[in-house]
């Protein structure tokens, strides 16, 4: 068994890649902008990442175990094909075949999976889900990514499109989502949703002539971020506290839905908003425990809700383990 | 391997049981009212069902492979213990141990599982899910029961409480549910929900002085049932058509949530409302296909939505296969 794998986390904006040891440590890193102008340019970017990392380590391609690629969208891991991707021009692309051709790494050693699934696998092997029987990870970023793993197997469904946890409706007839539905969890619980909710509260305060720290912070930083409401609430701003409270209610609703379905040993929360740490997780846990179906069970049986541990590396590490 | 198993479907109202062959056929049946007055009376009822069936077949208890029990609530299949049941006095009951003691059937041959999970297993082995890799079943009755099976394994979660698909919120802040949450799918998609929705529409029509067939049907049958709105809509009643339409919208929302999460090969709909057949399933499919995340995939990859095949026998047959 080779000592190192390569993991590539292909995003709509950046490619992040690394040489990953068998214990999940990244020894060499590579990052670049994703050139999304064509299918070929994306493939060239992937091959470039692999070649750059091999050059850095001085290893030959035959000394690498697996080259794993994490890719947004619907990914057929067995066929090595991207079936649908909203942000990348990869519809129907035989990514594994192409990258094999460009790098000389044999096809059988190249793997591909959905990026949220790869991140969940990374956390399951080396992060918040270490040693778990079953593990659920949600990533709170621009969207809501989800991945469920039981006995080492990623839930992908028969058509590789499973685990789209963010595209479950929690507000029937609610806000329009990019997926075509209304009221998806992603529209209420993502970092972008929190930014929208914060902006709406600022506008509401301005309309009512009520002062809010959120407004001042937005001016001094030049923008509203997913941190704005949390920081203003910490300073005692009432309108901000309401934004945070409502956001956590939506998130608790969503997380409770997942727990009632999966009852995993651990549910890890990753992505930018998870950097709030206990500021987010403590009230989240409290609300989930009050709502979940099995609240009358002994506490030892409850799903542990914790912060993801690998941060932005989860995708690279998980890809290397595919 | 023994040729026959016994399956017992323990409900809050009735006990249904049967001797089930290896190909899922029920050769002998037993039914009785459930005596819910105490833990002991429920156990006695289970033992009585087993003994009555053995007497009918003339088989000794050693000639039976498995005695399986399907039980509502949170059931620890490995420990043989009921951890929580809303409608039965079985909190913490060692059902497997007690039934073993009362029947003389050795403990190792007695199994117990959640009733919705058992029903899903029955359909997976011998009904709508035959030959599937992964299968999801929802049962639309008084509540919404759910069960997911992948590679023969029932999703129960680490604490045996998983698969509570009916207790996922689709209407944030909506109607109060028996589980303590607000807006659960069960409150909008169960047969009881449809009855409530029908009654509300009748009252609304009466208030507005609008004639509706639903009102006449309710009077002539002496009650409103889950069939009332469907039958009145079939006769051209506009208010009834609205009730059916709204009900199917809620159900489509719920089913799409499940599909976006699991993407199973087959999703079977069982329970009383599924007797509407294509009258329910055709519009349901149409809406789900328009909403689901993978709608751009080739049709061959879509989850097949079909009616459950075993009807009320799913629990008995599934229990026998535990």
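Laboratory data are not the source of any read-out in this text; all were calculated from the coordinates shown. Keep in mind it's a predicted model, so treat the numbers as computed, not measured. Glycine also receives a Cβ, built like all others from the backbone with ideal geometry; neighbour counts cover every protein chain displayed.
Structure remark: mean-square fluctuation, Gaussian network model of chain A, C-alpha springs under 10 Å; the largest value among A:128, A:282, A:268 belongs to A:282.
Say R0 is 35 Å: what FRET efficiency, to the nearest 0.05, do residue B:101 and residue B:21 get from their beta-carbon distance? After rounding to 0.05, the efficiency reads 0.80.
Each residue in B:187, B:181, A:279 was given a count of other beta-carbon atoms within 10 angstrom of its own, and listing them fewest first yields A:279, B:181, B:187. Helix A:278-291 and the longest principal axis of the C-alpha atoms of chain A enclose an angle of approximately 80°.
If you take every DSSP beta bridge whose two residues both sit in region B:134-308, what share of them, in percent to the nearest 5, is antiparallel?
55 percent
Relative to the other identical copies, residue B:44 shows label-point distances of 8.3 nm, where the label point lies 7 Å from Cα along the Cβ direction and values run shortest first.
Note on residue B:62 and residue B:279: the model spin-label points, each 7 Å out from Cα along the C-beta direction, lie 5.4 nm apart. Relative intensity of region A:1-114 on a log10 scale, I(q)/I(0) at q = 0.16, 0.22 Å⁻¹, equals -0.64, -1.24, per a Debye sum over C-alpha point scatterers of equal strength in the absence of solvent. Computed over region A:134-308, the convex hull of the alpha-carbon atoms projects to a mean area of 11.3 nm².
Residues A:234, B:94, arranged from fewest to most other Cβ atoms within 10 angstrom of their Cβ, appear as A:234, B:94.
The spacing between region A:57-110 and region B:39-56, judged by their C-alpha centroids, is 58 Å.
Let's test the formula: R0 of 35 Å, r as the Cβ-Cβ distance of residue A:241 and residue A:13. What FRET efficiency results, to the nearest 0.05?
0.60
In region A:110-214, the convex hull through the Cα atoms has an average projected area of 9.4 nm², a quarter of its surface area. Both radii were evaluated on the Cα set of region A:217-308; the Rg over Rh quotient, with Rh as the Kirkwood radius, amounts to 1.04.
Rounded to the nearest 10 degrees, the angle from helix B:115-126 to the longest Cα principal axis of chain B is 80 degrees. Per-residue ellipticity at 222 nm from helix content only, as computed over chain A with -39500 (n - 2.57) for each DSSP H run of at least four residues, stands at -12000 deg cm²/dmol. Sorted from nearest, the other copies put their residue B:204 label points 2.7 nm away, the label point being 7 Å from Cα in the direction of Cβ.
As a footprinting exposure proxy, order B:253, B:205 by other Cβ within 10 Å, with the fewest listed first.
Starting with the residue having the fewest Cβ neighbours, the order is B:205, B:253.
Beta bridges from DSSP with both residues in the protein assembly as shown: antiparallel share about 60 percent, rounded to the nearest 5.
At q = 0.15 Å⁻¹, what log₁₀ I(q)/I(0) does a Debye calculation on the Cα points of region B:19-61 give, no solvent, two decimals? Once normalised to I(0) and log-transformed, intensities are -0.43. Compute the separation of the alpha-carbon centres of region A:278-322 and region B:199-240 and state it in Å as a whole number. One Cα centre to the other: 46 Å. Partner shielding of B:296-305 amounts to 3, given as the average count of beta-carbon atoms from other chains within 10 Å of each residue beta-carbon.
Remark: relative contact order (region B:134-308) = 22 percent; criterion is Cα-Cα distance under 8 angstrom and separation of 6 or more residues. Taking every Cα-Cα distance in the protein assembly as shown and sorting them into 20 Å bins starting at zero, the pair-distance distribution P(r) comes out as 18, 46, 30, 5, 0 percent.
Plainly put, the tip 7 Å out from Cα toward Cβ on residue A:23 is 5.8 nm from that tip on each other copy, the closest given first.
In chain B, the ratio of gyration radius to Kirkwood radius, Rg to Rh, stands at 1.00 when only Cα atoms are counted.
Taking the convex hull of the alpha carbon positions in region A:41-96 and averaging its projected area over all directions gives 4.1 nm². Only Cα pairs under 8 Å and 6+ residues apart enter the sum, and on that basis the relative contact order of chain A stands at 20 percent. Site pair residue B:206 and residue B:220 shows an inter-label distance of 1.8 nm when each label is modelled 7 Å from Cα along Cα→Cβ.
Label zone of residue B:87 (point 7 Å out along Cα→Cβ, amide N under 20 Å): in region B:253-275 this covers B:269-275.
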